[in-house]
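Reviewing the structure listed below.
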Amino acid sequence: MEEVVEIEPNHLTLKRTHPVSIALKKKSYLFRKMNLSKNSKMTYDVTSITENPELFKTIIDWLAKRYRAMGSDGPTHIIGIDSCGCYIAAPLALELGIPFVPMRRGVLTESDFIMEGENKKSLNPPLFVRNGSINSASRVALVDDFIANGRTMEAALDCVQVVGAKIVEAIVICEITELGGFKHIHEIYNYKDLRFVSLFRLHRVSDILYMPTKILSKI
């Protein structure tokens, strides 16, 4: 039985009736702030998964099954995008028995790390991976907790592209459809055919407030 549906070309999501999607929506009631400023926006908090061992294991098992089924076309490396994407990427890589590569933020010299391309305005601080952690023979899957406007994911893809590694797909737990992150990236020529997968979707972050019996976490 097909577990995912195609929203648009190369834009996939779990079926709403899939047990993983249902469980995620049921348990996803936590928020976090992007920063401490008064106007900081609320975002989905992946600890609603990590603090639920049964759900956590279910998600890792599903992702591992997906990538094992790809055989020789599957990823050789799992990249976790700083910082919350690493919470999912690290145990997934361990389950698959392949390297976990953290994509971090910071200010380090380009001689030590492969950083995102400089042909466009970059995030501050930039994203980077350790020099030598991936190469042109690598096949990578990028993992993050959620996607909003797509700028962080775009920077992560740029970073991987610097070394010419093949991107198998990019996968996120939660997709905020109102902000059009995947659409934004598909409009970039280099990524127009890249496959994206989300495990569940919200129209806007505030939608989660209206899910029955859920509470808003204290910030």
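General observations
- The ranking of I7, I176, I49 by Cβ neighbour count inside 10 Å, starting from the fewest, reads I7, I176, I49.
- Taking Cβ atoms as reference points and 10 Å as the exclusive limit, the residues near E3 contribute a net charge of +2, counting Lys and Arg as +1 and Asp and Glu as -1.
- When each of the peptides 53-60, 142-149, 68-75 is scored by how many other beta carbons lie within 10 Å of its residues on average, the order from highest to lowest is 142-149, 53-60, 68-75.
Every number in this text was worked out from the coordinates using simple rules, so none of it is lab data. Quantities reported herein were computed from a predicted structural model and do not represent experimental measurements. Reconstructed Cβ throughout: ideal geometry from the backbone, glycine too, with neighbour counts over all protein chains shown.
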